[in-house]
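**Student:** Once you've had a glance at the structure underneath, I'll fire off some questions.
The values are calculated or read from the model by the stated rules, or taken from the named source; none is laboratory data. All values reported here derive from a predicted model rather than from experimental measurement. Using ideal geometry, Cβ is built from the backbone for each residue, glycine included, and neighbour counts are taken over all protein chains shown.
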Amino acid sequence: MWMMAAAGALLALPAAAAEPKIGVVDFQRLAIESPQGKAVSESMRAEFAPRERTLQAQGQAVKAKEEKLQKDGATMSEEQRSRAEKELRDGAREFERAKSEFQDDVNARRNEELSRLQRTIAEEVRTYGKAQGYDLILASEGVIYNASASDITPAVLAALQSHGASATSAKPAATAPPAKPPTK
């Protein structure tokens with residue numbers, strides 16, 4: 001009987017001596033605060049700012065036509081009012097189409113860039129984890145509780161910063177919008 005107890009104690013001994021090293025990382029914080037994440041944000045802003053300004057101007061033009069029609073509609077002839085209403089409808093339709101297309105393009109590029117950034121961060125976390133001897137690293141989004149001692153986000157952020165923005169520096173912003181994939 002005592003041999004079974006001793007064998008059980010011996011089996012439990014290696015498990016206690018080799019406690020796993022577990023860390024938690026906040027991917028969202030890394031994506032926002034890392035130089036690579038900041039480079040992606042700046043690249044997106046630079047790429048889409050001209051189109052956004054054009055859309056704003058187009059929206060203001062539609063609004064100005066609407067205000068002019070409301071203001072001068074009563075004094076216009078039936079033909080002038082009909083033509084102005086048609087121009088307003090066409091302009092509003094074109095504006096909504098352009099706005100929707102712009103949003104689709106922004107979303108597609110954001111998804112592209114975020115995917116690339118996530119791969120970069122994941123690789124840095126793996127590299128850091130191997131170098132520091134971690135057995136398991138979890139993303140904080142799926143963790144219900146973790147002690148701050150297991151949070152390795154600051155250390156991984158420092159590693160990303162040491163590699164700088166050059167690792168994922170975005171390509172210069174294109175002047176033309178990216179081609180839209182064919183719809184199915």
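Okay, residues lined up against (1) over 26 Å from LEU157 (Cα atoms); (2) touching a Gly at 6+ places or on another chain (Cβ under 7 Å); (3) not β-branched (Val, Ile, Thr):
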site: GLN36; (1), (2), (3): no, no, yes
site: ARG53; (1), (2), (3): yes, no, yes
site: GLN56; (1), (2), (3): yes, no, yes
site: VAL62; (1), (2), (3): yes, yes, no
site: THR75; (1), (2), (3): yes, no, no
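**Student:** Hey, does region 17-32 have a residue that's of a type in the set (A, V, I, L, M), surrounded by fewer than 10 Cβ atoms within 10 Å (Cβ to Cβ), modelled with pLDDT under 90 and over 30 Å from ALA159 (Cα atoms)?
**Tutor:** No, region 17-32 contains no residue that is of a type in the set (A, V, I, L, M), surrounded by fewer than 10 Cβ atoms within 10 Å (Cβ to Cβ), modelled with pLDDT under 90 and over 30 Å from ALA159 (Cα atoms).
**Student:** Name, by its number, the condition in (1) surrounded by 14 or more Cβ atoms within 10 Å (Cβ to Cβ); (2) under 21 Å from the mean Cα position of the chain (by Cα); (3) modelled with pLDDT under 75 that does not hold for PRO178.
**Tutor:** (1)
**Student:** If a residue has to be closer than 19 Å to LYS130 by Cβ and charged (D, E, K, R) to count, how many in region 140-161 make the cut?
**Tutor:** Result for region 140-161: 1.
**Student:** Could you please find all residues in region 101-138 being more than 17 Å from PRO20 (Cβ to Cβ), small (Gly, Ala, Ser) and either touching a residue at least 60 places away in the same chain (Cβ under 8 Å) or surrounded by 15 or more Cβ atoms within 10 Å (Cβ to Cβ) (or both)?
**Tutor:** Hits for region 101-138 are ALA108, ALA122.
**Student:** Report yes if GLN70 is assigned to a helix (DSSP H, G or I), modelled with pLDDT of 95 or more, surrounded by fewer than 12 Cβ atoms within 10 Å (Cβ to Cβ) and not aromatic (Phe, Trp, Tyr), otherwise no.
**Tutor:** no
**Student:** Has region 84-93 got any residue that is outside any helix (DSSP H, G or I) and at pLDDT below 95?
**Tutor:** Checking region 84-93: not a single residue is outside any helix (DSSP H, G or I) and at pLDDT below 95.
**Student:** Could you say whether any residue in region 21-35 is in a strand (DSSP E or B), among the aliphatic types (A, V, I, L, M) and more than 22 Å from GLN161 (Cβ to Cβ)?
**Tutor:** Yes.
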